[in-house]
Amino acid sequence: MTQSESRPRRARPFPLLLVQLVVANIIVAGVVAVVLYFTFDGLTEAYFDRLMKEFNISPTKLNTMFVEDVERSLFWGIGVALVVGVALSLFLTNAVLRPLNKMARASETIAAGDLSARAPEMSGELGALARSFNAMADTLELEETRRRQLLRDMSHEIRTPLTNLKGYLEAVGDGVFEAGPEVFAVLTGEANRLNALVDDLATLNAAEDVGDRLDLAPVDLEEAVSQAIAVHAPALHDKGLTVALREEGERQSVLADRKRLDQVLNNALGNLVQYADCEGGVEASVTLDYRRGGAARIVFDNPAKTLPSADLDRIFDRFYRADPARAGDGRLNGHNAGLGLAIVKRLVEAHGATVRAEQAAGRFRLVIDWPLAASTPA
């Protein structure tokens, strides 16, 4: 039984808005009818008196008969007009409210857990409302899909080291393995992998809500990148990879939270080291271009296998790996959770910067446009 089926169906609400609109139309029609009645009644009597005087006819019983006939006609005319007006009001009001009712039912369906419900296509102002509603529903459905995928990925990431830990511990307990340095090294590595995964998840969670807590200040970008490259020097050496730092244009400071900028640079370089497809001596590069007019462009360029376009579009998703076959090798600091570029994207966007991935001729490029300190108003 689905979530929507398990919930009791709501009783249809009283059509208060329909009643309000119809009553409002009746009141307007009634006011118009009263005004017309008194206007025609006064004009008719005055017109009849003028005719009597013009033709020297004494206004006797004939006047009374004439006025009664006019009033009778007015009553019938106003009555028919009111009935027709109310009928038209009901019809037109229902026509207006029908799509709103469908939208209300769609919102109730979404609230019940079925995120596939959508409002019908309409035109005009209601159409704009329906499009906004459907855009909201699309976003909710996408976020729910991502949430479920995240839970599946987290389960997979956590299950693997836990399974390894359990297997080795059981083997030691059964006497299959001796509790020696090699076994402890494996256990320590798996524990470190779990710890790194938890740290990455905490960093990602903080990155998604960091916008109001940034300590922004001018930062020397060249110095920050140089330090990040130095931190990754051992991993670069093990990979047989060299990274050249290049600058184009006059050096300027960027506006950033230094701690968060370091996280971006370290994760970007970690991705470069982890997925560079090269043999010893092949060069990667980090280029700082200050000639963009308001932003410094940071380009991480490394040799890499060509990715399908679908993979390139999803490369910033949490836990996403473009090459699952490589999930078990080339780990940086003992783990490979597929969170590095997701953290990069969220921290970059929190600073008002942009990031994108490109590839061409066996090269992968991560391009970040970071606002310059001088271009940001105080």
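Since every read-out is calculated from the coordinates, none of them should be taken as a lab result. The model shown is predicted, which means the values in this text are computed figures rather than measured ones. Reconstructed Cβ throughout: ideal geometry from the backbone, glycine too, with neighbour counts over all protein chains shown.
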Per-residue HN-Hα couplings for region 228-237, Karplus 6.51 cos²θ - 1.76 cosθ + 1.60 at θ = phi - 60°, whole Hz, x for Gly and Pro? 5, 5, 5, 4, 8, 4, x, 5, 5, 5
So how far apart, in nm, are the two label points at residue 220 and residue 314 if each is 7 Å from Cα heading toward Cβ? 4.3
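As an exercise, use a Förster radius of 51 Å and the Cβ-Cβ distance of residue 195 and residue 26 to find the FRET efficiency, rounded to the nearest 0.05.
On the way: r = 72 Å, r/R0 = 1.41.
Working from the Cβ atoms, E equals 0.10.
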Once residue 111 and residue 163 are pulled to full extension, the length gained, defined as 0.36 nm per residue separation minus their Cα-Cα distance, is 14.9 nm
Per the 1/(1 + (r/R0)^6) rule, R0 = 25 Å and r from the Cβ atoms of residue 177 and residue 151, FRET efficiency to 0.05 is 0.15
At R0 = 22 Å the Cβ-Cβ FRET efficiency linking residue 86 and residue 131, nearest 0.05, sits at 0.10
Between region 224-239 and region 102-147, what is the separation of their alpha carbon centroids in Å? 48
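Fewest to most neighbouring Cβ within 10 Å: what's the order for 345, 102, 259? Mind showing how you got there, number by number?
Details: 345 22, 102 16, 259 11.
Exposure proxy ranking, most exposed first: 259, 102, 345.
Just subtract the alpha-carbon distance of residue 252 and residue 143 from 0.36 nm times their residue separation and send over the number in nm, one decimal.
Numbers: separation 109, 0.36 × 109 = 39.24 nm, distance 3.84 nm.
Length difference between fully extended and current span is 35.4 nm.
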